[in-house]
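Visitor: Below: one structure in structure tokens.
The values are calculated or read from the model by the stated rules, or taken from the named source; none is laboratory data. It should be emphasised that the depicted structure is a prediction, and the values quoted were computed from it without experimental measurement. Positions of Cβ are generated from backbone atoms using ideal geometry, with glycine treated the same way; all protein chains shown enter the neighbour counts. Remember, those area values only see protein heavy atoms, side chains included, never the ligands or the DNA or RNA. Shrake-Rupley method; radii C 1.70, N 1.55, O 1.52, S 1.80 Å.
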Amino acid sequence: MQIFTPSADTRLRLFVSVVIVLILGSLAFLSGHAESSFATKRGWVQEQPVPFSHEHHVAGLGLDCRYCHASVENSAHAGFPPTHTCMTCHSQLYTDASELAPVRQSMAKNLPIRWNRVSALPDYVYFNHSIHIDRGIACVECHGRVDRMPITFRAKPFQMEFCLGCHRDPAPHLRPPNMTTVMDWGDWQEKHPEYGAEAMAAHNIEPEKLVSCTTCHR
Amino acid sequence: MTPAAPAKERGWAKALDARFAGITDEIVRIPLDYPQRRNWWLFMLAGLFLLALFFVSASVLFANGVGVWGNNIPVNWSLAISNYVWWLGIGHAGTLISALLLLLSQDWRNSLNRFAEAMTLFAVVCAGLYPILHLGRPWLFYWMAPYPNTMDIWPQFKSPLTWDFFAVLTYLIVSVLFWYIGAIPDFASARERAKKRRWQIFYGLLALGWRGSAHHWWRWNQCYRITAALAVPLVVSVHSEISLLFAAGPIPGWNTTVFPPYFVAGAAFSGFAVVSIITVPLRRAFALGDLITSRHLDLLAKLLLATGLMTAYGYVAELFSTYYASEPHGLQTLADRMGGQYWWSYWGAIICNFVPLQLLWQRRFRTSPIALFLISLSVAIGMWFERYMLLVTSLYRDWLVSSWGDYAASVWDWTLYAGTIGVFLVPFLLFVRFLPMISAFEVKKALFEHEEFRRQIRERTEHLSQGALGHDESPRRLSGDRTDDSPLPPPTEKVYGTLAEFDDPERLLAAAAAARKAGWSNAEAYTPFPVKGLHAALGCNDRRVPLIMLAGGIVGALSGYFMQVFTNLDFPLNVGGRPVIAPPAFMLITFELMVLFAVVAGVLSMLILNRLPRLNHPLFDVEEFHFSAVDRFFLLLRPDDGSRTGSARDFLSNCNPVRLVDVPVRGAQA
């Protein structure tokens with residue numbers, strides 16, 4: 001009893017090939033997606049209540065990071081500036097600018113501005129800004145060139161492999177702790193090739209401990 | 001038809017033929033013309049209700065987290081894991097029965113292996129669901145698999161929990177493949193028996209175009225037997241590994257070396273019990289008493305008794321080692337088991353497992369379906385108590401008094417457990433309804449070989465009594481009369497080949513050997529079951545399947561081992577001070593992947609070398625060919641060119657066939 005037509009075999013093979021291609025294709029898609037800026041939000045500008053420009057304030061005016069993110073040296077969190085910090089200048093400058101209306105409202109109502117997070121870590125990651133500043137990890141290592149960001153965006157993919165890249169080999173990323181807010185390091189690495197190793201020794205930095213699970217997942 | 005052989009001889013072959021057809025009919029008619037529709041629907045409704053309960057319980061679990069269960073901190077592995085072990089234990093019997101008895105050439109397995117394997121599959125699915133549901137975030141279960149990820153980490157390969165992922169996955173895949181390739185020939189006979197178009201397509205796709213040729217059977221046999229040989233140690237390794245989930249932990253009551261064999265014996269014990277629970281009603285519902293005889297029940301009962309006694313040995317060994325060690329926490333755990341809050345689980349296990357079991361020493365209980373059913377039910381319950389006891393009584397009182405606590409399963413624990421019974425029942429009922437549940441071709445093969453053996457004995461004694469010692473032992477003569485009641489159709493212009501039908505494998509064997517001798521190098525034979533010696537008669541000596549399986553096994557073992565070496569070097573983790581490269585800890589996954597790769601390579605190579613799937617084939621155009629899946633034996637001679645057709649017909653008609661048919665080339669018949 002001939003149940004299937006001669007073309008049935010071709011169609012079956014075609015079907016199997018399509019299934020295989022779909023499986024391989026979806027695997028390729030998933031692995032591409034995991035690394036993509038779509039998944040990591042790297043380079044995607046975050047909407048904010050006030051179009052704050054780091055480029056203007058850092059590169060243009062020369063404000064130090066710590067002027068606004070004041071707790072970065074001695075707290076887990078870098079801290080967001082209270083509206084009073086904005087008002088140190090903006091009580092005098094651009095007092096009528098419509099873009100700054102939310103700042104004036106916040107001041108008047110005594111309610112903080114609700115900024116939207118740009119650099120977020122999952123809750124199961126224990127991250128402390130102060131130790132990184134204290135050992136000389138420059139802001140630019142994780143946050144990128146904020147002095148070139150008219151509107152702030154995430155500069156690095158905040159995935160575990162990004163953290164581990166540094167924790168496994170910290171030496172090239174170490175800088176003098178008192179210079180961490182410097183944005184442009186130019187050819188510093190070429191000029192001070194031995195600094196990383198010396199800093200590792202001076203601070204007793206052991207990569208084996210830095211990659212232990214409990215360093216970040218407590 | 002004028003028979004060439006003595007009339008008695010022909011009568012014997014005819015009777016056997018009728019029985020072959022009867023077996024196929026009896027098994028294959030069940031899905032095609034289902035006899036027990038009402039009862040089936042009653043069971044199915046119950047199964048669907050339980051399945052719905054499973055989905056409700058799982059949804060509640062996902063919505064609220066594992067907090068809806070009774071788990072708490074001392075007893076953080078509770079009903080979910082004890083049910084996991086219970087289901088997985090049940091899921092070990094099918095493959096064990098089927099593979100081990102196949103290797104031991106115990107033909108009685110053929111009546112049981114198909115549905116025992118199906119039971120295995122669905123039980124393993126139920127088991128596999130539990131750890132995933134227990135994860136808390138089950139949608140991330142793929143984190144157990146080693147794959148390149150943005151976290152730059154790998155699974156912790158020194159943990160039995162990671163071994164578990166590989167073991168259960170390998171076991172599931174190997175069991176599915178073993179069951180499936182074992183069923184392909186029966187799918188083919190169901191395809192040939194089906195009358196309705198949708199059934200033909202359903203079985204036709206499942207059978208992949210199986211034609212039962214000597215080459216098909218030869219490669220199938222190699223693949224099937226080696227898979228069986230790998231499946232037996234796989235069963236042992238998987239349940240040993242499950243026991244290490246417990247025995248590798250420093251918990252009193254878990255940390256003993258008797259656990260691996262104790263778990264394997266217990267798994268086989270509970271599995272044989274559930275096989276018996278399923279066998280008895282199936283046998284009754286479908287009147288399969290002539291295929292599943294009281295001998296089968298007797299043997300099942302003996303296996304149940306034997307594995308039960310092995311499990312009892314595990315209990316005794318545990319008692320002995322606890323008292324021999326006299327370690328206070330161990331003694332305390334034992335006292336808690338026997339007389340503590342959960343005493344009922346310990347004594348429930350002892351009583352349900354071992355007390356009714358003793359009836360099986362008597363033959364009348366072994367062969368009584370109802371007694372076997374009830375005793376097996378008691379064992380299934382007893383083994384459930386045992387797993388509960390092992391989990392809860394060991395955990396609720398830990399080393400530290402400060403971390404003692406009580407455990408009670410919540411409503412959602414119980415509904416989920418009831419739901420998994422639905423997860424088991426619904427696909428099993430679908431299997432019973434739609435697929436041939438007994439291996440028809442293997443029953444036929446066993447019957448043939450058995451009858452053949454008896455015939456040879458009979459002939460020999462007859463010859464001896466007649467003093468015909470020097471007589472030619474083979475009564476068959478190849479130069480027989482032509483079958484004049486089946487007039488030969490006129491030769492067509494183009495033929496695929498010429499097909500001769502025989503009603504008896506002996507004749508086919510002789511004809512095949514003669515054809516090969518006469519220079520027909522591309523002769524092919526088609527039989528409803530593998531006929532011993534047919535591949536040799538046709539000069540088929542293809543050893544590629546075993547070689548490919550060997551290569552697959554080597555590649556699997558190497559990749560399994562070096563995957564673990566590489567991942568441990570890539571991200572060295574300090575696991576309790578163990579060395580980074582710890583070969584003993586890497587062995588289980590190495591073994592599992594060896595089996596997995598070998599079996600997958602074997603099945604793929606078996607199919608590809610057999611040129612399957614092949615849904616459309618010139619042979620299927622021949623009306624009579626469908627008997628090749630039931631009770632007839634065919635020899636096909638293919639002409640090298642069209643001019644030799646005549647000689648093929650002449651040659652075959654000299655072999656005394658029942659019928660001669662020209663196979664038209666595709667499209668040439670129009």
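Results for (1) farther than 19 Å from residue B:277 by Cα; (2) among the small types (Gly, Ala, Ser); (3) touching a strand residue (DSSP E or B) at 6+ places or on another chain (Cβ under 8 Å), shown as yes or no for each residue.
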position: B:337; (1), (2), (3): yes, no, no
position: B:349; (1), (2), (3): no, yes, no
position: B:373; (1), (2), (3): no, no, no
position: B:384; (1), (2), (3): no, no, no
position: B:387; (1), (2), (3): yes, no, no
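Visitor: Also, quick follow-up: Mind listing whichever residues of the range B:286-305 are outside any helix (DSSP H, G or I) and open to solvent by less than 40 Å² (accessible area, probe 1.4 Å)?
Guide: If the condition is that a residue be outside any helix (DSSP H, G or I) and open to solvent by less than 40 Å² (accessible area, probe 1.4 Å), then B:286, B:288, B:289, B:291, B:292 are the ones that fit.
Visitor: Output the number of residues of the range B:16-35 satisfying the condition of being assigned to a helix (DSSP H, G or I) and more than 14 Å from residue B:288 (Cβ to Cβ).
Guide: Number of matching residues: 7.
Visitor: Related question: Those residues that are more than 36 Å from the chain's Cα centre (by Cα) and more than 9 Å from chain B (Cβ to nearest Cβ), I need them from the range A:12-32; list them, please.
Guide: The answer is A:14, A:15, A:17, A:18, A:19, A:20.
Visitor: Moving on. Tally time: how many residues in the range B:214-233 are closer than 22 Å to residue B:541 by Cβ, open to solvent by 40 Å² or more (accessible area, probe 1.4 Å) and either outside the structural domain of residue B:84 (by the TED database) or out of contact with any strand residue (DSSP E or B) (no Cβ under 8 Å at 6 or more places or on another chain) (or both)?
Guide: Within the range B:214-233, residues that are closer than 22 Å to residue B:541 by Cβ, open to solvent by 40 Å² or more (accessible area, probe 1.4 Å) and either outside the structural domain of residue B:84 (by the TED database) or out of contact with any strand residue (DSSP E or B) (no Cβ under 8 Å at 6 or more places or on another chain) (or both) number 4.
Visitor: Something else about it: Taking the range A:128-179, which residues are within 17 Å of residue A:192 (Cα to Cα), touching a helix residue (DSSP H, G or I) at 6+ places or on another chain (Cβ under 8 Å) and aliphatic (A, V, I, L, M)?
Guide: Within the range A:128-179, A:137, A:138, A:171, A:174 meet the criteria.
Visitor: If you don't mind, there's one more thing I want to ask. Could you please let me know if residue B:562 is of a type in the set (Phe, Trp, Tyr) and more than 30 Å from residue B:189 (Cα to Cα)?
Guide: Criteria met by residue B:562.
Visitor: Of the residues that make up the range A:189-207, is at least one touching a residue at least 40 places away in the same chain (Cβ under 8 Å), away from every other protein chain (no Cβ under 14 Å), open to solvent by less than 70 Å² (accessible area, probe 1.4 Å) and under 14 Å from the mean Cα position of the chain (by Cα)?
Guide: No; the residues of the range A:189-207 include none that is touching a residue at least 40 places away in the same chain (Cβ under 8 Å), away from every other protein chain (no Cβ under 14 Å), open to solvent by less than 70 Å² (accessible area, probe 1.4 Å) and under 14 Å from the mean Cα position of the chain (by Cα).
Visitor: Answer yes or no as to whether residue B:627 is within 14 Å of chain A (Cβ to nearest Cβ) and either at pLDDT 90 or above or buried (at least 20 other Cβ atoms within 10 Å of the Cβ) (or both).
Guide: yes
Visitor: Step by step: first the residues of the range A:146-169, then only those that are within 13 Å of another protein chain (Cβ to nearest Cβ) and within 9 Å of the chain's Cα centre (by Cα), then the one that is nearest to residue A:40 (Cα to Cα). Which residue is that?
Guide: Looking at residues that are within 13 Å of another protein chain (Cβ to nearest Cβ) and within 9 Å of the chain's Cα centre (by Cα), I get A:157.
Visitor: Can residue B:197 be described as crowded, with 23+ Cβ neighbours inside 10 Å, within 12 Å of chain A (Cβ to nearest Cβ) and of a type in the set (Lys, Arg)?
Guide: In short, no.
Visitor: Here's something else I'd like to know. Scanning the range B:580-621 for residues that are among the charged types (D, E, K, R) and part of a helix (DSSP H, G or I), which turns out surrounded by the most Cβ atoms within 10 Å (Cβ to Cβ)?
Guide: B:592
Visitor: While we're here: Could you list all residues from the range B:353-370 that are touching a residue at least 40 places away in the same chain (Cβ under 8 Å) and either open to solvent by 90 Å² or more (accessible area, probe 1.4 Å) or not assigned by the TED database to the domain that holds residue B:387 (or both)?
Guide: Across the range B:353-370, the qualifying residues are B:361, B:363, B:370.
Visitor: Follow-up. Can you find a residue that is modelled with pLDDT under 90 and either away from chain A (no Cβ under 14 Å) or under 30 Å from residue A:36 (Cα atoms) (or both) anywhere in the range B:122-135?
Guide: Yes, because at least one residue in the range B:122-135 is modelled with pLDDT under 90 and either away from chain A (no Cβ under 14 Å) or under 30 Å from residue A:36 (Cα atoms) (or both).
Visitor: Right, next: For the range B:528-570, how many residues meet the condition of being in contact with an Asp or Glu (Cβ under 7 Å, 6 or more places away or on another chain) and surrounded by fewer than 17 Cβ atoms within 10 Å (Cβ to Cβ)?
Guide: Residues meeting the conditions: 0.
Every residue, every condition in (1) without any contact (Cβ under 8 Å) to a residue 24 or more places away in the chain; (2) more than 29 Å from residue B:38 (Cα to Cα); (3) within 35 Å of the chain's Cα centre (by Cα), yes or no:
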{"position": "B:400", "(1), (2), (3)": "yes, yes, no"}
{"position": "B:413", "(1), (2), (3)": "no, yes, yes"}
{"position": "B:457", "(1), (2), (3)": "yes, yes, yes"}
{"position": "B:461", "(1), (2), (3)": "yes, yes, no"}
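Visitor: Check off (1) open to solvent by 10 Å² or more (accessible area, probe 1.4 Å); (2) in contact (Cβ under 8 Å) with a residue 40 or more places away in the chain for residue B:236 and give me the number that stays unchecked.
Guide: All conditions are met except number (2).
Visitor: List the number of the failed condition for residue B:188; all other conditions in (1) open to solvent by 40 Å² or more (accessible area, probe 1.4 Å); (2) within 12 Å of chain A (Cβ to nearest Cβ) hold.
Guide: (1)
Visitor: Now for a different question. Can you say whether residue A:130 is closer than 18 Å to residue A:180 by Cβ and either of a type in the set (Val, Ile, Thr) or under 14 Å from the mean Cα position of the chain (by Cα) (or both), as far as the supplied structure shows?
Guide: no
Each row is one residue, and each column tells you yes or no for (1) under 29 Å from the mean Cα position of the chain (by Cα); (2) in a helix (DSSP H, G or I); (3) without any contact (Cβ under 8 Å) to a residue 40 or more places away in the chain.
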position: B:307; (1), (2), (3): yes, yes, no
position: B:313; (1), (2), (3): yes, yes, no
position: B:335; (1), (2), (3): no, yes, yes
position: B:351; (1), (2), (3): no, yes, yes
position: B:374; (1), (2), (3): yes, yes, yes
position: B:377; (1), (2), (3): yes, yes, no
position: B:381; (1), (2), (3): yes, yes, yes
position: B:388; (1), (2), (3): yes, yes, no
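Visitor: Here is a further query. Could you list, in sequence order, all residues of the range B:504-522 that are open to solvent by 10 Å² or more (accessible area, probe 1.4 Å) and in a loop (DSSP other than H, G, I, E, B)?
Guide: B:518, B:519, B:520, B:521, B:522
Visitor: Please count how many residues of the range B:152-168 are buried (at least 18 other Cβ atoms within 10 Å of the Cβ), in a helix (DSSP H, G or I) and in contact (Cβ under 8 Å) with a residue 40 or more places away in the chain.
Guide: Total meeting the criteria: 7.
Visitor: Taking the stated definitions as given, is residue A:67 over 28 Å from residue A:137 (Cα atoms) and open to solvent by 60 Å² or more (accessible area, probe 1.4 Å)?
Guide: no
Visitor: Among the candidates A:47, A:35, which residue alone is open to solvent by 90 Å² or more (accessible area, probe 1.4 Å), away from every other protein chain (no Cβ under 14 Å) and under 18 Å from the mean Cα position of the chain (by Cα)?
Guide: Unique residue meeting the criteria: A:47.
Visitor: Applying the selection to the range B:128-162, what residues are over 31 Å from the mean Cα position of the chain (by Cα) and among the basic types (Lys, Arg)?
Guide: B:137
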